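Below is one structure, written out as structure tokens; the observations come after it.
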Amino acid sequence: MPPKKAAAGGAKKGAAGKKGAKGAKDSASPADDLNKEREDLLLRIKTAEDDTQHFQLECGKLEETLRQYRARFAAADTDKGDILAFRQTEIERKETRIRDVLKQSLSATQQLEDSKLLVRQLEDQQRELLEKYEGTSEQLQVAQAELTFQCSEVARLVARAGDAERLTLELRGLQADHRLVTAAVKRLTIANAGRTRLRIVHGDAWMVAVSHRQLEGETPILRNGSAFACCGASKLLCLTGGLDGYDATDMNTLPLAVGDTMQWEVTSGPRAASQLFLAASVCVNRTSILCFGGKRGNELSNEVQIFSTISERWQTPEMLDDVAPCPRYGACLFSVHSQVYMFGGCGAEGMLNDTWMYDLARNQWSPITPTTSVLPAGRMGASLCMDEQEGRLWVVGGNSGGGSLSDLYYLDLTSCIWSPVRALGTQIQPRQHHCAVMMQHFVVISGGVQIGPDGSACLVNDVQAFDPEPRLWACINAGTPAEDIKLDSNPHAALHACTSDTIYSLTPSRGTELLEQLQTVHLTTPDAIQALREAHKDDRVIVRALTISPTPLECTCNSISVTWTPPTKNSDRIAGYKAMLSTLSGVVREVYRGPEPQCKAEGLRPHVEYVFCVKAFYEDGSFLWSEPVAFTTKS
């Protein structure tokens with residue numbers, strides 16, 4: 001709008017100029033007047049152009065506003081249409097609902113009328129019944145009294161049922177306690193069945209200590225032809241293989257350390273390559289079990305498999321050459337230093353009587369060829385032991401195919417000559433699948449099964465010692481009487497293994513197939529007894545076992561302090577001790593671990609018997625358990 005003002009101003013100026021021009025006509029020329037007019041026109045044109053641009057901008061804004069209003073009106077029209085359509089749909093739905101409600105109302109009205117009619121009919125029937133049975137009110141009262149009595153009886157029975165349920169729960173608890181007590185009594189009864197005797201054999205004194213234990217844990221089932229051996233350094237009984245209707249490739253181990261819980265365990269390492277029937281087994285290198293041969297279905301084996309009790313792993317050594325015994329089962333083994341001797345067995349062509357030596361260091365088999373024709377008969381299930389001083393390999397018993405044997409042979413390893421030994425005096429029962437060990441110069445055998453030519457079988461559970469010099473057998477321990485076994489039952493119902501001075505016999509409990517009965521026969525030879533006598537003569541106090549003092553250092557109503565004495569031998573190699581505490585109910589916990597030979601157990605209950613057992617750890621990883629000792633807290 002300023003151009004208009006300028007134009008107005010210009011007009012005013014032009015008017016003034018005109019007036020001036022009129023006043024001074026003579027002072028301005030016509031050309032000047034024309035120029036002024038032209039300038040005025042140009043100014044007006046410029047002002048008009050500016051006004052036009054301004055009007056165009058205003059028109060654009062108005063058109064944009066008009067478009068926005070049109071869009072709003074269009075959207076509003078669309079929303080109104082949608083709202084109207086939705087409301088129309090709602091109206092139609094409500095009309096439909098009203099029609100349905102009206103129908104239901106009519107139906108309900110009809111049902112109400114029917115119900116009223118039915119009520120009237122029932123009332124009529126009730127009046128008829130009341131008129132008909134008006135004289136029976138007294139009977140109804142009697143029936144009501146009887147019903148009340150029956151309800152009270154039912155309530156009483158329900159209360160008694162609750163009492164019975166409570167008593168049942170209490171009975172179950174008592175039965176569980178009874179089972180625990182029965183198991184504890186059974187364990188104690190079995191443990192108390194042990195005895196220690198002094199036996200005089202050919203003028204020499206033997207100490208025979210027999211003990212029995214009830215085994216627990218992952219108890220294996222009795223199976224035919226298992227490999228059973230004792231690993232002395234690891235103090236383990238090892239059981240593997242055999243046939244029992246399922247995969248028997250697990251290695252079952254039983255710790256033998258004194259005071260241990262005597263629980264079967266299944267090793268966590270890989271299993272054996274396959275289950276084998278009547279594979280021979282022996283402890284090698286003091287910490288491993290070597291298994292040889294065996295039968296797998298109709299296939300015979302001559303493999304060597306070694307199980308390490310430290311790593312709990314099986315390995316199959318790679319042989320140095322192809323020289324090896326023929327496949328067989330039922331052979332017998334004996335290990336000395338790094339050599340394993342093998343004799344006999346049953347091969348594809350029958351009973352065998354060959355002898356081989358396996359070198360553990362070189363993984364090589366070497367045959368031992370006899371230099372004479374006098375040989376033991378081929379047999380399986382024999383036992384083998386060695387007199388290292390004389391260099392003689394002894395073979396006792398077995399089965400040559402016609403029944404069990406009781407003969408003896410020895411092989412002189414220097415001359416490779418077999419010599420039969422005819423026993424004098426009382427003969428032993430023929431047997432097979434027994435164990436044998438050399439103690440001093442005695443050949444000691446134990447257990448086995450006697451099978452007659454007709455197939456009849458009976459268990460043998462004695463311990464016999466053969467003195468080669470007078471050639472006499474002597475019974476060290478008679479054991480339990482042999483029991484007849486049915487022909488269709490298992491003739492291998494007992495397993496036997498031995499160390500240098502101990503014989504282990506594993507049997508199932510009566511009426512079951514669980515291998516949970518262990519008999520231990522510890523033999524002290526005349527030489528060992530004489531050594532003890534000499535030690536006492538020299539006034540030397542030699543402690544041969546980890547021993548807990550029978551008198552506690554301190555005993556209160558809630559604590560017990562005990563001390564123990566380590567064995568004299570290798571006591572400087574003991575790295576530490578672990579003390580375990582248990583109750584008669586079977587609760588076991590560790591109360592001490594450290595280097596000191598004493599401990600104090602606290603937090604105990606008054607007037608309760610607690611059993612202590614101590615485990616000594618040696619620097620080489622071996623260990624030794626003490627005998628358990630019981631103490632009772634004060635009241």
Could you check how many residues of segment 182-220 are at pLDDT below 80, outside any loop (DSSP other than H, G, I, E, B) and not aliphatic (A, V, I, L, M)?
6
Taking segment 379-405 as the region of interest, how many residues are surrounded by fewer than 19 Cβ atoms within 10 Å (Cβ to Cβ) and within 18 Å of Gly330 (Cα to Cα)?
3
So Val395 passes all but one of these: (1) modelled with pLDDT of 95 or more; (2) not in a strand (DSSP E or B). Which condition number does it fail?
(2)
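Can you pull out the residues in segment 226-237 that are part of a loop (DSSP other than H, G, I, E, B) and surrounded by 22 or more Cβ atoms within 10 Å (Cβ to Cβ)?
Passing the criteria: Ser226, Ser234.
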Does Ser373 satisfy the condition of being within 27 Å of Glu318 (Cα to Cα) and either among the small types (Gly, Ala, Ser) or buried (at least 21 other Cβ atoms within 10 Å of the Cβ) (or both)?
no
Could you please let me know if Leu518 is touching a His at 6+ places or on another chain (Cβ under 9 Å) and at pLDDT below 90?
yes
Considering residues that are of a type in the set (D, E, K, R) and either more than 17 Å from Leu333 (Cβ to Cβ) or within 23 Å of the chain's Cα centre (by Cα) (or both), the number found within segment 284-320 is 5
Log entry, pairs with first residue in segment 425-444 being in contact (Cβ under 8 Å) with a residue 12 or more places away in the chain and within 12 Å of Arg471 (Cα to Cα), second being surrounded by fewer than 24 Cβ atoms within 10 Å (Cβ to Cβ) and of a type in the set (S, T, N, Q), beta carbons closer than 9 Å, six or more apart or on different chains, reads Gln427/Ser406; His441/Gln389; Phe442/Thr525
In segment 358-369, which residues are surrounded by fewer than 18 Cβ atoms within 10 Å (Cβ to Cβ) and either in contact (Cβ under 8 Å) with a residue 24 or more places away in the chain or within 23 Å of His496 (Cα to Cα) (or both)?
Arg362, Asn363, Gln364, Ser366, Pro367, Ile368, Thr369
Taking Gly402 as the residue in question, decide whether it is assigned to a loop (DSSP other than H, G, I, E, B), free of Cβ contacts under 8 Å to residues at least 40 places away in the same chain and farther than 21 Å from Thr355 by Cβ.
no
Residue selected from segment 417-442 under the condition over 15 Å from Ile476 (Cα atoms) and of a type in the set (Val, Ile, Thr), by the criterion surrounded by the fewest Cβ atoms within 10 Å (Cβ to Cβ)
Ile417
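Kindly evaluate Ala579 against the criterion of being surrounded by 11 or more Cβ atoms within 10 Å (Cβ to Cβ), closer than 29 Å to Leu180 by Cα, hydrophobic (A, V, I, L, M, F, W, C) and not assigned by TED's automatic domain parsing to the domain that holds Thr287.
When the stated conditions are applied, Ala579 passes them.
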Just wondering, is there one or more residues in segment 303-316 that are outside any strand (DSSP E or B) and under 22 Å from Val437 (Cβ atoms)?
yes
Here is a list of conditions, (1) modelled with pLDDT under 95; (2) more than 27 Å from Thr520 (Cβ to Cβ), and Trp418 meets all of them except one; can you say which number that is?
(1)
Among the residues listed as Gly479, Gly402, Gly455, the single one being over 43 Å from the mean Cα position of the chain (by Cα) and farther than 20 Å from Ser281 by Cα:
Gly402
Being of a type in the set (Ser, Thr, Tyr), modelled with pLDDT of 80 or more and on the phi < 0 side of the Ramachandran plot is true for just one of Thr136, Thr109. Which residue is that?
Thr109
Provide a single number: the residues in segment 303-355 that are polar (S, T, N, Q) and surrounded by fewer than 20 Cβ atoms within 10 Å (Cβ to Cβ).
7
Name the one entry in Pro567, Pro550, Pro606 that is surrounded by 14 or more Cβ atoms within 10 Å (Cβ to Cβ) and part of a loop (DSSP other than H, G, I, E, B).
Pro567
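The values are calculated or read from the model by the stated rules, or taken from the named source; none is laboratory data. Source: prediction; values computed, not measured. In this analysis, Cβ positions are derived from the backbone assuming ideal geometry, glycine residues included, and neighbour counts consider all displayed protein chains.
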